[in-house]
1. Looking at region 86-106, can you tell me whether even one residue there is more than 28 Å from Lys195 (Cβ to Cβ) and among the polar types (S, T, N, Q)?
2. What number of residues within region 129-154 satisfy the criterion of being of a type outside the set (D, E, K, R), within 26 Å of the chain's Cα centre (by Cα) and in a loop (DSSP other than H, G, I, E, B)?
3. I'd like to verify a number: residues in region 30-55 that are crowded, with 19+ Cβ neighbours inside 10 Å, under 19 Å from Glu117 (Cβ atoms) and modelled with pLDDT under 85, how many?
4. I'd like to check something: does region 130-143 contain any residue that is hydroxyl-bearing (Ser, Thr, Tyr) and free of Cβ contacts under 8 Å to residues at least 24 places away in the same chain?
5. On the basis of being assigned by TED's automatic domain parsing to the domain that holds Arg204 and either modelled with pLDDT of 95 or more or polar (S, T, N, Q) (or both), does Gly270 make the cut?
6. I'm trying to understand the selection: among the residues of region 196-210, which are modelled with pLDDT under 95 and either out of contact with any Gly (no Cβ under 7 Å at 6 or more places or on another chain) or more than 19 Å from Ala285 (Cα to Cα) (or both)?
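The values are calculated or read from the model by the stated rules, or taken from the named source; none is laboratory data. A quick note: this is a predicted structure, and the numbers were derived from the prediction, not measured. Methodologically, a virtual Cβ is constructed for each residue, glycine included, from the backbone with ideal geometry; neighbour enumeration extends over all protein chains shown.
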Amino acid sequence: MAVRFGVAVLLFAGIIRSGFSQAISFNTPLPWVSLRNDTIIVRAQIDTAAFKNKQLSLTLATIKNGKTSTIASKVFPVKDPSGEFSFGKIKKKLVGGEEFLRVKWAVKGSEDKGSVEPIGIADLSVQTETDTVRAVHVADNMAIKDAAAAVGEKFSQTGKMAYSFAWNKNALFAVHKKGAGKDTLKFAFDGKSGKNAFLSYPDRFVVSTVSDSIIVKGVHYKRDIKKDSLVYTSEEWRNEMTHEVVGDKIVVRIPWFDTGMIPFEERTIGFGAFVVGAKGKTVAALPASAQVFIPATWGVMLLQK
């Protein structure tokens, strides 16, 4: 079912306006929302007494890395306390990560103005079928060194990196093959599997090198808007992960209590895998079109029976 973008405006009829109130106050969508199609409609309840010229100006724009691109700017007549103002389809099926939508509004003939942002679009109806990585169910008392044998030789491949997963009620085991060079392997987990346009703080990343200098760490991201740029700042994810080298494989044990997820058979988890090169750029991903900062583009992990 198509989900439309609705902006509700509070009714201030009968309220004395002050420096702390506005003729229009936006309740929805909240910042960081992910719309599910590209039909942009503003719905409002309006204190018509505040509209001397009976006109509402609305501008829709995309913002990325400080650059603004206006999609549409319209002036709508205000006739009733309830109104619907449409931008129609904007022909953008995916807006997120470092790009976002902004709706600016202004009451013609007054100083009342403002904006609501950031807004994303993640139209799942047009997303390609996501890749599924399967985690093998193993015994609850499985030692970390035994996980390498438990996954066998069924590895997923992203670029030159090969990896597989196992799980029990206590932990998730990430098994990946050792390699050369300075590339790192980054696993992304979205426990709510929300397919959102923006990262959220609970999204977790396990970052592991594949060379002899093995480093395993956990990170998540704080997000903010600075000078019209959406900025993600990595922060340490405090955890009790451990790892061991077993032959030509590195096994990382990730306790479930660190992830905030509850494991059970046939559970699905939003999952992406990224190979990051020496210069910090993503050189390969699973799914191939996945973007680190857009969970809607990630695939799925299935906890097998």
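1. Initially, region 86-106 is screened for residues more than 28 Å from Lys195 (Cβ to Cβ), giving 105-106.
Remaining after also requiring among the polar types (S, T, N, Q): none.
No, region 86-106 contains no residue that is more than 28 Å from Lys195 (Cβ to Cβ) and among the polar types (S, T, N, Q).
2. Taking region 129-154 first, the residues of a type outside the set (D, E, K, R) are 130, 132-133, 135-139, 141-144, 147-152.
Cutting the leftovers down to within 26 Å of the chain's Cα centre (by Cα) gives us 130, 132-133, 135.
In the following step, the residues that additionally are in a loop (DSSP other than H, G, I, E, B) were identified as 130.
So the answer is 1.
3. Total meeting the criteria: 2.
4. Among the residues of region 130-143, not one is hydroxyl-bearing (Ser, Thr, Tyr) and free of Cβ contacts under 8 Å to residues at least 24 places away in the same chain, which makes the answer no.
5. Values: assigned by TED's automatic domain parsing to the domain that holds Arg204: yes; either modelled with pLDDT of 95 or more or polar (S, T, N, Q) (or both): yes.
Considered against the rule, which asks whether it is assigned by TED's automatic domain parsing to the domain that holds Arg204 and either modelled with pLDDT of 95 or more or polar (S, T, N, Q) (or both), Gly270 comes out as yes.
6. Matches in region 196-210: Ser200, Tyr201, Pro202, Val207, Ser208, Thr209.
Each row is one residue, and each column tells you yes or no for (1) small (Gly, Ala, Ser); (2) touching a residue at least 12 places away in the same chain (Cβ under 8 Å); (3) surrounded by fewer than 18 Cβ atoms within 10 Å (Cβ to Cβ); (4) in contact with a Cys (Cβ under 7 Å, 6 or more places away or on another chain).
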position	(1), (2), (3), (4)
Ser234	yes, yes, yes, no
Arg238	no, yes, yes, no
Met241	no, yes, no, no
Ile250	no, yes, no, no
Pro255	no, yes, yes, no
Phe271	no, yes, no, no
Gly280	yes, no, yes, no
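Here's the yes/no breakdown for (1) assigned to a loop (DSSP other than H, G, I, E, B); (2) closer than 25 Å to His137 by Cβ:
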{"residue": "Glu235", "(1), (2)": "no, no"}
{"residue": "His243", "(1), (2)": "no, yes"}
{"residue": "Phe257", "(1), (2)": "no, yes"}
{"residue": "Gly272", "(1), (2)": "no, yes"}
{"residue": "Ala296", "(1), (2)": "no, no"}
{"residue": "Lys305", "(1), (2)": "yes, yes"}
